[in-house]
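Here's the structure, in structure tokens; my notes come after.
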Ligand code: FUB
């Protein structure tokens, strides 16, 4: 298997579309990447990012597509290219902002559900779309032919980008939730088909919330992490269920220099936990030219998360024996 992957990577690298990278942070030295999302599947970790394409003096995000990478050890990464572009949603105007991913078995087969932020072409503001694929590396196709969430469905603020950064969480009982929002944190239940809302959009009061909400579970505890303030730092709360009530836990990662955003994803892989985030540490990096990095994340005995420092060396190799 390893030689097949290596051979495939060499061939793809020759085409200039994919290849392998040995980690140290930032993970991908030839590409500006942002807004990480992660999925562990068959012992392999898949990492989904946005692609920052702004010019060095750019004054806004230029993001047309998402990228996907994978690793069996958190150190060597395979580039699987572009699983989807913003304009693959025919109702979208563009802007491939943050995404998240989950896997469910439908009719006995795995289906990968990719939730994304894009700008809507006809309903002013940003929207959430959902796309599916039979493979974690795509290609992903619009699952509905219409947006799942549009800016006119929420009224807490009049910000055009207040319905961004979808994060999907499937609880142990099978109920799926989608968290999203800028300035106001919202969540909604998803129907079992994963492509329709099931009930009203709810809000969560979170002091200093900015964006990038993300829910994961560790042992019996639920963790809601998010970006707070601007420039952003990564904070978290804990609770007894996927809907809280939430108790503040503190700061996981301090703010960046060079970019005000930080956008995390937290995942358990091969017996350890990791936090993906972005910074501006690649040469030529900045607010609109970010780069994804990863660190090991540790829990204290009482369940609290230890503060995580950004490093250049990244985590130690953690080879997954079951990696396919
Ligand atoms: O990448 C565009 C936006 O910047 C994301 O939606 C936010 O989370 C922030 O990272």
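Looking only at the range 293-310, residues that are more than 14 Å from residue 249 (Cβ to Cβ) and under 20 Å from the mean Cα position of the chain (by Cα) come to 6 in all. Anything in the range 153-172 that is in contact with a strand residue (DSSP E or B) (Cβ under 7 Å, 6 or more places away or on another chain), more than 12 Å from the ligand (Cβ to nearest atom) and not in a loop (DSSP other than H, G, I, E, B)? List them, or say none. Those that are in contact with a strand residue (DSSP E or B) (Cβ under 7 Å, 6 or more places away or on another chain), more than 12 Å from the ligand (Cβ to nearest atom) and not in a loop (DSSP other than H, G, I, E, B): 168, 169, 170. Among the residues of the range 284-295 satisfying the criterion of being under 10 Å from residue 32 (Cα atoms) and not in a strand (DSSP E or B), which is farthest from the ligand (Cβ to nearest atom)? Out of the qualifying residues, it is 284.
For residue 230, the criteria (1) loosely packed, with under 15 Cβ neighbours inside 10 Å; (2) within 12 Å of the ligand (Cβ to nearest atom); (3) within 24 Å of residue 43 (Cα to Cα) hold in every case but one, which is (3).
Residues that are in contact (Cβ under 8 Å) with a residue 40 or more places away in the chain and crowded, with 20+ Cβ neighbours inside 10 Å were ranked within the range 52-67; the one that is nearest to the ligand (Cβ to nearest atom) is 52.
Okay, residues lined up against (1) away from the ligand (no atom under 16 Å from the Cβ); (2) in a loop (DSSP other than H, G, I, E, B); (3) without any contact (Cβ under 8 Å) to a residue 12 or more places away in the chain:
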position	(1), (2), (3)
252	no, no, no
258	no, yes, no
303	yes, yes, no
313	yes, yes, no
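For the range 191-206, the tally of residues that are away from the ligand (no atom under 16 Å from the Cβ), under 20 Å from residue 240 (Cβ atoms) and not in a strand (DSSP E or B) stands at 1. Residues that are in contact (Cβ under 8 Å) with a residue 12 or more places away in the chain and not in a strand (DSSP E or B) within the range 173-190 comprise 174, 175, 181, 182, 183, 184, listed in sequence order.
Within the range 270-290, the set of residues being farther than 22 Å from residue 213 by Cβ and either within 15 Å of the chain's Cα centre (by Cα) or surrounded by fewer than 17 Cβ atoms within 10 Å (Cβ to Cβ) (or both) comprises 271, 272, 283, 284, 286.
Just one of the listed residues (125, 129) is surrounded by fewer than 20 Cβ atoms within 10 Å (Cβ to Cβ) and either under 19 Å from residue 211 (Cβ atoms) or more than 16 Å from the ligand (Cβ to nearest atom) (or both), namely 125.
Filtering the range 108-122 to residues that are away from the ligand (no atom under 16 Å from the Cβ) and either buried (at least 19 other Cβ atoms within 10 Å of the Cβ) or modelled with pLDDT under 95 (or both) leaves 112, 113.
Take the conditions surrounded by fewer than 21 Cβ atoms within 10 Å (Cβ to Cβ), in contact (Cβ under 8 Å) with a residue 60 or more places away in the chain and either more than 15 Å from the chain's Cα centre (by Cα) or within 16 Å of the ligand (Cβ to nearest atom) (or both) and apply them to residue 75. Does it pass? The answer is yes for residue 75. Take the conditions closer than 21 Å to residue 28 by Cβ, touching a residue at least 24 places away in the same chain (Cβ under 8 Å), within 16 Å of the ligand (Cβ to nearest atom) and not in a strand (DSSP E or B) and apply them to residue 97. Does it pass? Answer is yes for this residue. Each residue in the range 28-51 was checked for being crowded, with 19+ Cβ neighbours inside 10 Å, away from the ligand (no atom under 14 Å from the Cβ) and not in a strand (DSSP E or B), and 1 pass. All of (1) within 19 Å of the chain's Cα centre (by Cα); (2) away from the ligand (no atom under 16 Å from the Cβ) hold for residue 213 with one exception: (2).
The values are calculated or read from the model by the stated rules, or taken from the named source; none is laboratory data. Because the structure is predicted, anything quoted here is derived from the model rather than measured. Positions of Cβ are backbone-derived with ideal geometry, glycine not excepted, and every protein chain shown enters the neighbour counts.
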